[in-house]
Amino acid sequence: MKHKVVDALISPEGRLDVLSKVEVGKLLDTSQGGLYQVFRNCSLAVLNCGSAMDDGKELLERYSSFDIRVIQEERGIKLQVTGAPAHAFVDGKMIKGINEHLFAVLRDIIYLSDEINDNPKFNLQTSDGITNAVFHIMRNANILRPMTNPNLVVCWGGHSINRIEYDYSKQVGHELGLRGLDICTGCGPGAMKGPMKGAAVGHSKQRIKNGQYLGISEPGIIAAESPNPIVNDLVIMPDIEKRLEAFVRTGHGIIVFPGGAGTAEEILYILGVLLHPDNKDMPFPLIFTGPDTAIDYFNEIDRFIGGTLGPKAQQRYRIIVDNPVQVAREMHEGIKQVRSFRKEKGDAYYFNWSLKVDSVFQHPFIPTHENMRNLALHKDQETHVLAANLRRAFSGIVAGNVKADGIRTVEQYGHFEIRGDAGIMKLMDSLLASFVAQQRMKLPGKAYTPCYRVIK
């Protein structure tokens, strides 16, 4: 099947439209050098907005002739795209939101590479250095809103959810929007789009014109989760670990909808962070919710957490089923406690500096077969460290499911092998089997071939 494509010359609208000649020269050098492939792949993902596809490798193969170049002009820059997906355009003009996202890619992938990776001010081998880098990237993207009361709710959940779950996520978003709360998600479809769509209606009813719909992604996942069109602030972090830290540093509370391996990864991340002894007194509202059809899903998640991380982890979240109003009310009240705590501690409302994120959660995990096989999945370690290692296992599964590099690795070397304590492996196998049975690993209608093997 041949897919329609378009060639175009794109001007920035409000983003990167005023650059010095030195900055433009740096962009030209970098965009056509080592970062070009990442820049190209992320740009293609943005242009593929609205397509029913969650396979990074398939996207790159479908539009193999796609090309994007930075063009220098007297007054700044333009982007020349060749072989771009036609559905990113209306009557020959690029959709405005996609245009904004495209220049956000340019800003984050290229412009910041010099400022972060090649800057001695940021020591990415230290915990503080990584946190400073996350802050700098968010500030550079103009995401942080000083002089504003805490109101940003992070919504996690699967890109592959059914219609009932999607509509429910939209209802929750609507109730949050009516209470003046903004939304941050992973920016893709499904449970990442529903809350934003609902909140946009709630904001409209309350005549809120500056609502924030923040999407945070990373190069490996963006092709599988193209930014949905409601996102009005897009940030692309360098890797999944910095993406997760950006969520918990900028958000004031988290709502988790049903999802698959990626959602399990996110749950283990936030629980691992909150289980660190330094964070035991920190208020951080965390709610798991879905329609009544999702009861079995959350029971399975709760059983897995109880069996691996124990009762203390279970005490850090609430499960609320089929009640969008209660979810919104409890989140609203929880964020009030966050505000009081930050005010008492003198911490910023817009970036949670006080939160202790252990370095085990910050350094990038590369899911090679050897690294996956050697994960320490046993209880003879601190609970928050076990959570970090379990998070890595699910991160590897996500890579094998939807990331282009991960899919190729599995095609070449076979299944990832996951080993550990018999009890943990039994729980993990049961949880993953439930995700497969409920079609949470891939978009509905797509056959799922596991990329992993749990060794019991």
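The values are calculated or read from the model by the stated rules, or taken from the named source; none is laboratory data. In this text, all values refer to a predicted model and were calculated from it rather than measured experimentally. SASA here: full protein model, heavy atoms, side chains in, ligands and nucleic acids out. Shrake-Rupley method; radii C 1.70, N 1.55, O 1.52, S 1.80 Å.
Sort the range 287-348 into rounded, prolate or oblate with this rule: let a ≥ b ≥ c be the square roots of the eigenvalues of the Cα gyration tensor; rounded if a/c is under 1.5, and if a/c is not under 1.5, prolate when a/b is larger than b/c, oblate otherwise. Intermediate values should be presented prior to the final figure.
Details: a/c = 4.46, a/b = 1.50, b/c = 2.97.
Judged from the Cα gyration tensor, the range 287-348 comes out oblate (a/c at least 1.5, b/c at or above a/b).
Which percent, to the nearest 5, of DSSP beta bridges fully inside the chain are antiparallel?
Of all bridge pairs located within the chain, approximately 35 percent are antiparallel.
Can you work out D for the range 109-151 in µm² s⁻¹ from Stokes-Einstein, where Rh is the Kirkwood radius over C-alpha pairs, the temperature is 4 °C and the viscosity is 1.567 mPa s?
Taking Rh from Cα pairs, D becomes 114 µm²/s.
Counting just the Cα atoms, what span does the range 277-389 cover along each of its three principal axes? Round to the nearest Å and put the largest first.
Each principal axis gives a Cα extent; for the range 277-389 these are 45, 41, 24 Å.
For the range 73-140, compute Rh as the Kirkwood radius over C-alpha pairs and then the Stokes-Einstein diffusion coefficient at 37 °C and 0.692 mPa s; write the answer in µm²/s, rounded to an integer. Each step should come with its number before you reach the end.
Numbers: Rh = 14.4 Å.
Using the Kirkwood radius from Cα pairs, D works out to 227 µm²/s.
For the range 282-332, report the accessible area per residue in Å² (1.4 Å probe, heavy atoms, rounded to an integer).
Numbers: 2140 Å² over 51 residues.
That works out to 42 Å² per residue.
Name the residues whose placed amide hydrogens come within less than 5 Å of the amide hydrogen of Val321, ignoring near sequence neighbours (fewer than 5 apart) on the same chain.
The list, which skips near neighbours in sequence, is empty: none.
How many angstrom lie between the Cα centre of the range 126-176 and the Cα centre of the range 85-100?
Centre-to-centre distance over Cα atoms comes out at 25 Å.
Residues with amide H under 5 Å of Val5's amide H, sequence separation 5 or more or different chain, H placed in the peptide plane at 1.01 Å from N; which?
Ala86
Which of rounded, prolate or oblate describes the range 323-444 when judged by the alpha-carbon gyration tensor and an a/c cut-off of 1.5?
Note, shape of the range 323-444 comes out prolate.
So, in Å, what gap is there between the alpha-carbon centers of the range 205-272 and the range 376-402?
20 Å
In angstroms, what radius of gyration and Dmax does the chain have, counting Cα atoms only?
Answer for the chain, Rg first and Dmax second: 21.1, 65 Å.
Using a 1.4 Å probe on the protein heavy atoms, what percent of the accessible area of the chain belongs to carbon and sulfur?
48 percent
For the range 176-241, with every protein chain kept in place, what is the accessible area per residue (1.4 Å probe, Å²)?
27 Å²
Please compute the length gained on full extension between Gln337 and Asp302, using 0.36 nm multiplied by the number of residues separating them and subtracting their Cα-Cα distance. Write out the running numbers ahead of the final one.
On the way: separation 35, 0.36 × 35 = 12.60 nm, distance 2.49 nm.
Here the segment from Gln337 to Asp302 would lengthen by 10.1 nm.
With a ≥ b ≥ c taken as the square roots of the eigenvalues of the C-alpha gyration tensor of the range 350-398, please select rounded if a/c is under 1.5 and otherwise prolate if a/b is larger than b/c or oblate if it is not?
Details: a/c = 2.78, a/b = 1.55, b/c = 1.80.
Oblate shape, in that a/c is at least 1.5 and b/c is the bigger or equal ratio.
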